[in-house]
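What follows draws every value from the coordinates through simple rules; no lab data is involved. Note that the coordinates shown come from a computational prediction; the quantities given were computed from them, not determined experimentally. Every residue, glycine among them, receives a Cβ derived from its backbone with ideal geometry; neighbour counts consider all protein chains shown.
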Amino acid sequence: MKITQAMVLAAGLGTRMRPITDATPKPLVKISGKPMIDYVLEALVEAGAETVVVNVHHHADQMEAHLAAYAGVEIKISDERDRLMDSGGGLAKGLKQLGPSPAFVMNADLFWIGEPKDQASNLRLLAEMFDPETMDIAMLCADPERTTGHNGKIDFSLAADGRLARYKVGDANPVIYAGALILMPDFLADAPSEPFNLNIYFDRAIAAGRLHGLKLDGEWLTVGTPEAIGEAEATIQRISRST
């Protein structure tokens, strides 16, 4: 399935990254010389995205200036300066600027490196897997053994048929939500106008047996604290030397 539109969730406060985020929005914090959001935008453009909505709140002027200078894709702004909408509310608001076709959704501060060069990218593989007839959400998942900066929390268990369930201790095939998914925008058509967490809709999809996952190939990075920057950069150097 070809997917040409996307939303990037980028409005968070980045409180654990202080004092860096006192002056810089977290998505613009540089890892190996590149702002985190640029890793995300590059992955989306490679996968075929032509229009991307990005929500902004914290240091919104800096975000808008950076995005205005980003070439190669149309970027629309979902402005949350007046009210931070949380992950679900922000997504529901931003999706209104996109059409009814399937959309990628990514977090601005989660990315991966080291995809095999002899196969399609993780996002392209996820797009190939997504079937709106049987899925509400198709989600990229990370292997807990191939992460940098993660706190160890497991989100889901991945069944042999690709369905995801909330992880319980002892479950087979534990995985972490990698901050990237595909959905039909109308899945959130009944979303409240108030701030809410996207996990509400994850659980709705699980209850219907319509939350599916694909384990990504590569090393997944999350940079939540200033100390984690060095860890991420060391991983990038290690992966670069081995490819």
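Hey, what do the phi angles of the stretch 167-175 turn into as Karplus ³J(HN,Hα) couplings, whole Hz, using 6.51/-1.76/1.60 and θ = phi - 60°, x for Gly and Pro?
Ordered by residue, 3J(HN,Hα) equals 6, 10, 3, x, 5, 7, 6, x, 9 Hz.
Short version: ³J(HN,Hα) in whole Hz for each residue of the stretch 70-75, in order, from phi by Karplus 6.51 cos²θ - 1.76 cosθ + 1.60 (θ = phi - 60°), x for Gly and Pro, what are they?
Values, residue by residue: 7, 9, x, 7, 6, 10 Hz.
Most exposed first by the Cβ proxy, i.e. fewest other Cβ within 10 Å, how do 93, 76 rank?
Values: 93 22, 76 15.
Ascending Cβ contact count within 10 Å gives the list 76, 93.
Any chance you could run the full-extension gain for residue 82 through residue 153? It's 0.36 nm times the residue separation minus the Cα-Cα distance, nm to one decimal.
Working: separation 71, 0.36 × 71 = 25.56 nm, distance 3.21 nm.
Going from the current span to full extension adds 22.4 nm.
Cut-off 10 angstrom, C-alpha nodes, Gaussian network model of the chain. Which of 198, 214, 91 fluctuates the most?
Top of the fluctuation ranking is 198.
Report the dimensions of the stretch 62-103 along its three principal axes from the alpha-carbon atoms, largest first, rounded to Å.
28, 27, 12
Translational diffusion coefficient, Stokes-Einstein: compute it for the stretch 123-182 using the Kirkwood radius over C-alpha pairs as Rh, at 37 °C and 0.692 mPa s, and state it as an integer in µm² s⁻¹. Working shown, then result.
Numbers: Rh = 12.3 Å.
So the translational diffusion coefficient is about 268 µm²/s.
Could you state the principal axis extents of the C-alpha atoms in the chain, from the largest down, to the nearest angstrom?
Taking the Cα atoms of the chain, the three principal extents are 44, 44, 34 Å.
For the chain, calculate the relative contact order in percent as a whole number, restricting contacts to Cα pairs under 8 Å that are 6 or more residues apart. Don't jump to the answer; show the numbers that get you there.
Values: 480 pairs, mean separation 62.2, N = 243.
Once normalised by length, the contact order is 26 percent.
Can you tell which of 20, 75, 37 shows the greatest fluctuation in a Gaussian network model of the chain with Cα springs below 10 Å?
Residue with maximal mean-square fluctuation among 20, 75, 37: 20.
In nanometres, what is the gap between the two model label sites at residue 173 and residue 203, each 7 Å from Cα along Cα-to-Cβ?
Placing both labels 7 Å beyond Cα along the Cβ direction yields 2.4 nm.
Which net charge results for the neighbourhood of residue 130, defined as the other residues with beta-carbon distances under 12 angstrom from its beta-carbon, given Lys and Arg at +1 and Asp and Glu at -1?
Working: positive: 2, 124, 210; negative: 128, 131, 133, 136.
Local net charge: -1.
On the principal axes of its Cα set, how long, how wide and how thick is the stretch 42-183? Give whole Å, largest value first.
Taking max minus min along each principal axis of the Cα atoms, the stretch 42-183 gives 45, 33, 32 Å.
Taking the alpha carbon gyration tensor of the stretch 88-160, what are the square roots of 5 times its eigenvalues, largest first, to the nearest whole Å? Please list the in-between numbers first.
On the way: eigenvalues 107, 59, 42 Å².
Working through the eigenvalues yields semi-axes of 23, 17, 14 Å.
Report the full-extension gain for the segment residue 193 to residue 97: residue separation times 0.36 nm, less the Cα-Cα distance, to one decimal in nm.
33.0 nm
Report the net charge of residues surrounding residue 10, where surrounding means a beta-carbon distance below 9 angstrom and charges are Lys +1, Arg +1, Asp -1, Glu -1. Intermediate results must be reported in sequence, preceding the final value.
Working: positive: 26; negative: 109.
Combined, the nearby Lys, Arg, Asp and Glu give 0.
Based on alpha-carbon positions alone, could you give the equivalent ellipsoid semi-axes of the stretch 164-240 from the gyration tensor, as √(5λ), descending, whole Å?
On the way: eigenvalues 172, 63, 32 Å².
So the three semi-axes of the stretch 164-240 are 29, 18, 13 Å.
What distance in nm lies between label points placed 7 Å from Cα along the C-beta direction at residue 42 and residue 166?
If labels sit at residue 42 and residue 166, their model points lie 3.7 nm apart.
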